[in-house]
Amino acid sequence: MQARPLLSYARATLDRVSDFLLLVPILLFSIVALVYAHGYAALRMGDTTAQRLGRLTWNPVKHLDPFLSLLLPLVTYFGGGFILGAAKPVPVDPRNYRELRKGDIIVSLAGVTANLAIAIACVPLLALLGMLARSMPDAAPVLGSLQFMLRAGIFLNLILIVFNLLPIPPLDGSHVMKWLLPPRVAAAYVRVGMYGMAILMVLLVFGGPFFDVVFWPARMGYAFLMSLVGPYALPGAGL
């Protein structure tokens, strides 16, 4: 390899690593918010399991998993072109819910609701940083990096919403789906759930075209939200 192509490759690699380091904090915050929302919703529905086990906390150390929270983001980002991660599932006992069906659905949807709130909250913050840059031009490079993180916050949380709503056990969408099916079909669906993690792993490794289609709503949602604040985007804030 000649010197110039090698230098270009090195710079591109450093840029990609730099972007990854900016993405990691917002990804970790988003997945911690997701699992905290599950635990809090379970508590409101009558189950204290997460609280008793110390999982109803914003401390990320309590929620991070070596594979789901560290290795998976590395593999998906550098191998698949997108970043995806997860935290350890929050322990809940549906038998403690005051109403089983209602409780299971609310707890399952609490995480994606938290992700939606984060995505929406990032929009005005992004615009605010753009306004600050106009009055503080010297701070534009730093504000541009912060905008990059906020844009990532919008996109990553929309991706997490779509991914977690997939009706593949143990994802949240499967907990909702089983209540929408006739009882006999739901029972068979739950039994198939034992293979859910294997199915997810196969999809994450080989399912590029599948996710290209599945994540279309996330891309459209991201494009719409960014269209609201496009004039405030700074150089270096691209995603």
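The values are calculated or read from the model by the stated rules, or taken from the named source; none is laboratory data. Treat the numbers as computed from the prediction; the structure is a model and nothing was measured. Every residue, glycine as well, gets a Cβ built from its backbone with ideal geometry; the counts of neighbours run over all protein chains shown. The protein model used for the area step is the full one, side chains on, heavy atoms only, and it has no ligands, DNA or RNA in it. Shrake-Rupley method; radii C 1.70, N 1.55, O 1.52, S 1.80 Å.
The table that follows gives values for the structure above.
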quantity	calculated
Top-ranked residue in region 187-239 [being hydroxyl-bearing (Ser, Thr, Tyr) and surrounded by fewer than 14 Cβ atoms within 10 Å (Cβ to Cβ); ranked as farthest from ASP138 (Cα to Cα)]	TYR195
Every pair of residues 6+ apart whose Cβ atoms lie under 8 Å, when the first sits in region 169-186 and is among the charged types (D, E, K, R) while the second is not in a helix (DSSP H, G or I)	ASP172/LEU165
Complete set of residues in region 58-87 that are open to solvent by 60 Å² or more (accessible area, probe 1.4 Å), small (Gly, Ala, Ser) and farther than 17 Å from ARG16 by Cα	none
Residue in region 25-35 that is closer than 17 Å to HIS175 by Cα and under 19 Å from the mean Cα position of the chain (by Cα) present	yes
Hey, ALA114 touching a Ser or Thr at 6+ places or on another chain (Cβ under 9 Å), hydrophobic (A, V, I, L, M, F, W, C), open to solvent by less than 40 Å² (accessible area, probe 1.4 Å) and within 23 Å of ALA218 (Cβ to Cβ) or not	yes
The one condition in (1) more than 30 Å from ASP19 (Cα to Cα); (2) open to solvent by 20 Å² or more (accessible area, probe 1.4 Å); (3) touching a His at 6+ places or on another chain (Cβ under 8 Å) that GLU99 fails to fulfil	(3)
Residue that is farthest from ALA218 (Cα to Cα) [pool: residues in region 73-111 that are hydrophobic (A, V, I, L, M, F, W, C) and under 12 Å from the mean Cα position of the chain (by Cα)]	ALA87
Where PHE148 falls short, out of the listed (1) closer than 21 Å to LEU34 by Cα; (2) under 17 Å from the mean Cα position of the chain (by Cα)	(1)
Residue list for region 77-110, restricted to those being part of a helix (DSSP H, G or I), among the hydrophobic types (A, V, I, L, M, F, W, C) and under 19 Å from PRO170 (Cα atoms)	LEU100, ILE105, ILE106, VAL107, LEU109, ALA110
Qualifying residue in region 137-156 (condition: at pLDDT 90 or above, more than 24 Å from SER18 (Cβ to Cβ), of a type in the set (Gly, Ala, Ser) and touching a helix residue (DSSP H, G or I) at 6+ places or on another chain (Cβ under 6 Å))	no
